[in-house]
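Here the structure comes first, spelled out in structure tokens, and everything after it is commentary.
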Amino acid sequence: MTTIQQAWQSGRSRLASSPSPELDARLLLEHVLQQPHSYLIAHSDEPLSATQSAEYEALLERAEGLEPIPYLIGTAPFFGLDFVVSPAVLSPRPETEMLVEHALRWAVLREAPVIVDVGTGSGCIAVTLAQQIPQAEVVAVDISADALAVAEHNAARHAPGRVQFMQGDLLGPIGSGVDLITANLPYITDGEWTSVADGVKLYEPEGALRGGPDGLDHFRRLIPAAAEKLNSGGMLLLEIGWRQGKAVRCLARESFPHAEIIIIPDFAGHERLVVVEALQV
């Protein structure tokens, strides 16, 4: 019979074309065995049952077909939490943690900030902020009912009773009086879409990724709406594509002529966030 170590090695070999074959094989094994990484190490000589072997084999076949690992195991890590995911939502990306970190530094000093997360998807931003800032009022908006169902499930797991959910387009359902607006909008350009990994194209929701010819279709609608909803001294935090900083800053300047607007790069030096801080009146 195949041992845990042998199964891990086999999975690593079969997923060699993945950017992280060892991690992918490990996550699939952990899912099949319902055990953590430490168990795989400590029990490497333990054999898999016939049922476990068959389940692992089936998952490997799907992974070889480029189906993303988070969808295969049903969860993805974000900011130290496990978020339930499905093909209705994007799998949370590590780079989005930058947005959350910046939001936390700003909001944690406020007495009772009203926070709105636009296009919430899995809810990873809204739920994390609600968990980390107990004094905040957090609202999550998405146009997709299926996405909201996933986000509500994650909120029930990690921040029960702390997030209000609304279905609608961008800030459509939201009134004024907001202190912080966060948004990880679709920003992939039509040209960039041709080079996106096949696994992403085949399995992740296209509407949550593509942002039109220059990737900015949603930004053009959100930013003016945000200017109407934000309180004096409020903040708008936008995740952007790696070459969109100047264009998004120009869009923001049109709606926020007196705001402080900065572009923040990620650890690779790529443009990642646009921060718009409305002046206190």
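The values are calculated or read from the model by the stated rules, or taken from the named source; none is laboratory data. Because the structure is a prediction, the values reported are computed rather than measured. Cβ sites come from the backbone with ideal geometry, for glycine too, and all protein chains shown count toward neighbours. Side chains are part of the model used for accessible areas, which takes the heavy atoms of the whole protein and leaves out ligands, DNA and RNA. Shrake-Rupley method; radii C 1.70, N 1.55, O 1.52, S 1.80 Å.
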- Message: With a cut-off of 8 Å between alpha carbons and a minimum separation of six or more residues, what is the relative contact order of the chain in percent?
- Response: 13 percent
- Under the 7 Å Cα-to-Cβ spin-label approximation, Cys250 and Gln34 lie apart by a distance in nanometres of 5.6 nm
- Item | MRE, 222 nm, helices only [DSSP H, n ≥ 4, -39500 (n - 2.57), over the chain, to nearest 500] | -12500 deg cm²/dmol
- Message: Please report the accessible area of Asp190 (heavy atoms, 1.4 Å probe, ligands and nucleic acids excluded) in Å², nearest 10.
- Response: 60 Å²
- Given charges at beta-carbon only (K, R positive; D, E negative), |dipole| of the chain in Debye: 540 debye
- Task: Mind listing the long-range amide H neighbours of Phe78? Cut-off is under 5 Å, sequence gap 5 or more, other chains count too, H placed in the peptide plane at 1.01 Å from N.
- Result: Phe83
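Can you give the local net charge around Val32? Use residues other than it whose beta-carbon is closer than 10 angstrom to its beta-carbon, Lys and Arg +1, Asp and Glu -1.
Numbers: positive: none; negative: Glu30, Glu55, Glu57.
Around Val32, the surrounding residues sum to -3.
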- Whose amide H sits under 5 Å from the amide H of Leu171, counting only residues 5 or more places off or on another chain, with H placed in the peptide plane? none
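Based on the alpha-carbon gyration tensor of segment 70-225 and its eigenvalue square roots a ≥ b ≥ c, which shape applies: rounded if a/c is under 1.5, prolate if not and a/b is larger than b/c, or oblate? Can you show the working numbers first?
Numbers: a/c = 1.76, a/b = 1.29, b/c = 1.37.
Because a/c hits 1.5 or more and a/b fails to exceed b/c, segment 70-225 counts as oblate.
Out of all DSSP beta bridges with both ends in segment 77-199, state the antiparallel percent to the nearest 5.
10 percent
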- Where both partners of a DSSP beta bridge lie in the chain, what percent of those bridges are antiparallel, to the nearest 5? 45 percent
- Enter the accessible area per residue of the chain (Å², integer; probe 1.4 Å; all protein chains in place). 46 Å²
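Would you mind working out the magnitude of the charge dipole of segment 93-136 relative to its Cα centre, with +1 at each Lys and Arg C-beta and -1 at each Asp and Glu C-beta, to the nearest 20 Debye? List each step's numbers first, then the result.
On the way: 3 positive and 5 negative charges, 11 e Å.
Dipole about the Cα centre, nearest 20: 60 debye.
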- Query: Among Gln131, Gly65, Pro257, whose Cα sits farthest toward the positive end of the charge dipole of the chain (+1 at Cβ of Lys/Arg, -1 at Cβ of Asp/Glu, about the Cα centre)?
  - Reply: Pro257
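Rank these residues by their accessible area, most exposed first, probe 1.4 Å: Arg272, Arg253.
Details: Arg272 25, Arg253 95 Å².
Greatest to least solvent exposure: Arg253, Arg272.
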- Note on the structure: Phi angles of segment 148-156, converted by Karplus (6.51 cos²θ - 1.76 cosθ + 1.60, θ = phi - 60°) into ³J(HN,Hα) in whole Hz with x for Gly and Pro, give 4, 4, 5, 4, 5, 4, 5, 5, 4
- Message: Placing unit charges on C-beta atoms (Lys and Arg positive, Asp and Glu negative, everything else neutral), compute the dipole magnitude of segment 193-278 about its Cα centre in debye, rounded to 20.
- Response: 180 debye
- Ignoring ligands and nucleic acids, Trp242 exposes an accessible area, probe 1.4 Å, in Å² to the nearest 10, of 120 Å²
- Apportionment of accessible area to carbon and sulfur, the chain, percent (1.4 Å): 53 percent
